[in-house]
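Contents: one structure, followed by commentary.
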Amino acid sequence: MKNFAIKLTWLTTIYLVVFVALCQTKLFFPVLMGLYLIGVSLLIFLIFTVLHDEEYKTNKKFKDWYRDNSKKNLVH
């Protein structure tokens, strides 16, 4: 899953950069809107894939904070 998420991140990034470049051209507006909807769908799928990774397991909870820095050492 980790490799799939990384590849999906690269694909989404490249797609969105190409989309932004195409927005600067005089491309037909319905085509741009179609590409926009594909980009948004790809971004939502990317977020779901990263957050819903079932292979990554941990026994840490939010109350455990960070292992390398305790709450007592934080300067507010």
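Each reported figure results from applying straightforward, stated rules to the coordinates on display, with no laboratory input. Keep in mind it's a predicted model, so treat the numbers as computed, not measured. Virtual Cβ from ideal backbone geometry, glycine too; neighbours counted across all protein chains shown.
Quick notes on this one:
- Within segment 27-64, trypsin sites (Lys or Arg not before Pro) in DSSP loop having at most 10 other beta-carbon neighbours inside 10 Å: LYS57, LYS60, LYS61
- Sites listed here are trypsin sites (Lys or Arg not before Pro) in segment 1-30 whose DSSP assignment is loop and whose Cβ has at most 15 other Cβ atoms within 10 Å: LYS26.
- Computed from the Cβ-Cβ distance with R0 of 22 Å, the FRET efficiency linking SER41 to ALA21 stands at 0.70.
- For segment 44-60, putting each phi into the Karplus relation 6.51 cos²θ - 1.76 cosθ + 1.60 with θ = phi - 60° gives couplings of 5, 5, 4, 4, 4, 5, 5, 7, 10, 6, 7, 6, 8, 10, 8, 9, 7 Hz, in residue order, rounded to whole numbers and with x for Gly and Pro.
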